[in-house]
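Where a number appears in this text, it was derived from the coordinates with a stated rule and is not lab data. In this text the structure is predicted, and so the values were computed from the model without any measurement. Heads up, the Cβs are rebuilt from the backbone with ideal geometry, glycines too, and the neighbour counts pull from every protein chain shown.
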Amino acid sequence: MDPMFLSEVENNPQAKGAYAEMARAMKAAGIPVPQIFHLFTFKPEVTKHLEQFSQGVMRGPSPLAPGMRELIAAFTSMGNNCHF
């Protein structure tokens, strides 16, 4: 995965929270870290709303099953050349 445009966000030494722990574990295991994790670790108090929104859209009440929503998101990401 290409590095982020803002290296100070990606390489934030003060990263904290659950996403920071997951990102550190992924880096240690040699697994690419999804770039959205860097945003979540940079300002977790602000991005909490984005996390809640995303979970609501993907897991909240809907005529579409969560698996179908995941499939739509994966297909859209592929079309945008974005790792899902």
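Placing +1 on each Lys and Arg Cβ and -1 on each Asp and Glu Cβ, with no other charges, gives the chain a dipole about its Cα centre of roughly 180 debye.
Sorting the segments 16-22, 29-35, 63-69 by their mean number of nearby beta carbons within 10 angstrom, highest to lowest, gives 16-22, 29-35, 63-69. Here ALA73 and GLU21 are evaluated by their C-beta separation; at R0 = 22 Å the FRET efficiency comes out at 0.35. How high is the relative contact order of the range 7-79? Use alpha-carbon pairs under 8 Å, at least six apart in sequence, and give a whole percent. Relative contact order for the range 7-79 comes out at 27 percent. At the listed q of 0.11, 0.16, 0.18 Å⁻¹, the Debye profile of the chain, built from one uniform point per Cα, gives log10 I(q)/I(0) equal to -0.36, -0.74, -0.91. Over the chain, DSSP H runs of length four or greater, each weighted -39,500 (n - 2.57), average out per residue to a 222 nm ellipticity of -19000 deg cm²/dmol.
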